[in-house]
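The values are calculated or read from the model by the stated rules, or taken from the named source; none is laboratory data. From a predicted model like this one, the values you see are computed outputs, not experimental measurements. Note that we place each Cβ from the backbone using ideal geometry, even for glycine, and neighbour counts take in every protein chain shown. We work out accessible area using only protein heavy atoms, side chains counted, and drop any ligands, DNA or RNA first. Shrake-Rupley method; radii C 1.70, N 1.55, O 1.52, S 1.80 Å.
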Amino acid sequence: QIPNPTVEAGANFKNCSIIPDKMGRRARRGVRGEELEREDERSCYCNSNRFVQCFNSTMNWVLLLLTIVLIAVLYERFTGDYVPYIGETIGDVVDKVPKIDISGLLDRAKDWGFHFDDIFSFDAMDGNGTAPGWRSKEGEGLHLNIANGLTTDWHGFFYQAVSDWDAGSPDVLTLSTYVVDPDPECAPIQGEMKVCNADFGNTGWEGINEVMIRGRYIVASVAKMNEFYLSATVETGKAVFIGDKRLYTMCHEIGHGFGLMHLDENFTNADLGSCMDYSGRPQNNLLPSQADFDILNEIYGDGEDTDGRTGEDTDGRTRRRNLRVSRNLNYRFNGMLVEKRVYYLMAKPI
């Protein structure tokens with residue numbers, strides 16, 4: 001006699017694996033076709049139910065992980081610190097996402113009769129003339145250590161430039177300095193800016209800043225002064241003093257270390273009164289300008305522009321900018337995969 005399939009199915013519903021096994025034996029004993037079909041349907045329903053249960057369980061875990069990631073992101077946003085373990089892991093995952101450099105494509109855009117610079121600057125990632133900034137606590141501005149790896153004849157220019165940047169309005173920078181041994185290699189220090197000088201040769205640039213970027217933040221910066229063009233023995237011409245060139249270059253490269261871009265890259269047009277401007281008259285551009293401090297406020301402060309012109313020059317003009325930069329999207333720094341950007345202050349014959 002064949003047991004009632006409905007009763008047996010109910011008895012074994014919680015143990016789905018039993019049903020197909022028993023049905024296999026009964027099929028060999030000659031269970032009628034219609035009863036076997038009912039058992040197969042019941043087994044199929046049971047397997048489907050297990051799939052739904054597994055799917056729901058998986059989705060619960062996914063939602064839990066997404067919640068943890070969201071909490072980590074909000075924590076970093078409002079405190080400026082990584083969540084222990086979790087924050088670093090998220091950064092490592094982001095590092096492994098392939099990065100695509102489309103700068104060459106934009107450079108060829110002029111061949112199509114379309115000028116991307118009329119809309120945005122490629123290197124100004126947020127559209128306001130800035131690179132990514134340092135990690136900072138929201139509303140507290142940037143607190144940054146700057147290592148002085150210069151020879152002593154550069155110290156005066158270094159401290160003057162740091163003081164000029166630290167005295168801006170809005171005041172969103174709190175800068176601390178300390179002296180290290182002169183370092184011609186200018187090895188970067190994680191979490192700090194470092195400034196050095198050496199004779200780097202006839203490179204075509206008076207100064208550069210190498211900025212290491214991980215995700216949305218700068219993690220290290222090194223500013224290099226090229227003695228080939230800035231040595232005290234270099235002939236500068238009657239109208240230009242080497243001291244002005246040194247201070248101008250120092251101010252310029254330190255500015256890049258905060259996340260600022262060039263205000264202009266034309267040596268021959270009117271001066272903007274900013275050390276972030278390319279100029280053959282450094283004596284007119286020895287200090288940061290109000291435009292520079294307004295952009296810093298956008299990065300590290302409340303974002304309010306004191307003159308109401310976000311990302312414009314001090315005279316209201318928007319100029320072609322940010323061309324003198326190279327990028328390495330797969331650079332290794334302290335075991336991390338970072339983007340390395342190099343900003344150049346080109347040498348101009350006087």
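Annotations for the structure displayed:
- A single member of D307, D244, D264 is charged (D, E, K, R) and at pLDDT 90 or above, and it is D244.
- Where strands (runs of 3 or more DSSP E) fall entirely within region 175-281, those with at least 3 residues that are touching a residue at least 60 places away in the same chain (Cβ under 8 Å) and not charged (D, E, K, R) are at 205-214, 217-226.
Yes/no per residue for (1) at pLDDT below 75; (2) open to solvent by less than 100 Å² (accessible area, probe 1.4 Å); (3) under 51 Å from the mean Cα position of the chain (by Cα):
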site: Y45; (1), (2), (3): yes, no, no
site: S48; (1), (2), (3): yes, yes, yes
site: Q53; (1), (2), (3): no, no, yes
site: M59; (1), (2), (3): no, yes, yes
site: V62; (1), (2), (3): no, yes, yes
site: L65; (1), (2), (3): no, no, yes
site: V73; (1), (2), (3): yes, yes, yes
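- Qualifying positions in region 202-226 - charged (D, E, K, R) and open to solvent by less than 30 Å² (accessible area, probe 1.4 Å): E206, E210, R214, K224
- Residue in region 157-172 that is surrounded by fewer than 23 Cβ atoms within 10 Å (Cβ to Cβ) and assigned to a strand (DSSP E or B) present: no
- Every residue from region 232-285 that is among the hydroxyl-bearing types (S, T, Y), surrounded by 15 or more Cβ atoms within 10 Å (Cβ to Cβ) and over 32 Å from the mean Cα position of the chain (by Cα): T236
- You will find that of I100, I146, the residue that is at pLDDT 50 or above, closer than 21 Å to V342 by Cβ, among the β-branched types (V, I, T) and open to solvent by 30 Å² or more (accessible area, probe 1.4 Å) is I100 and no other.
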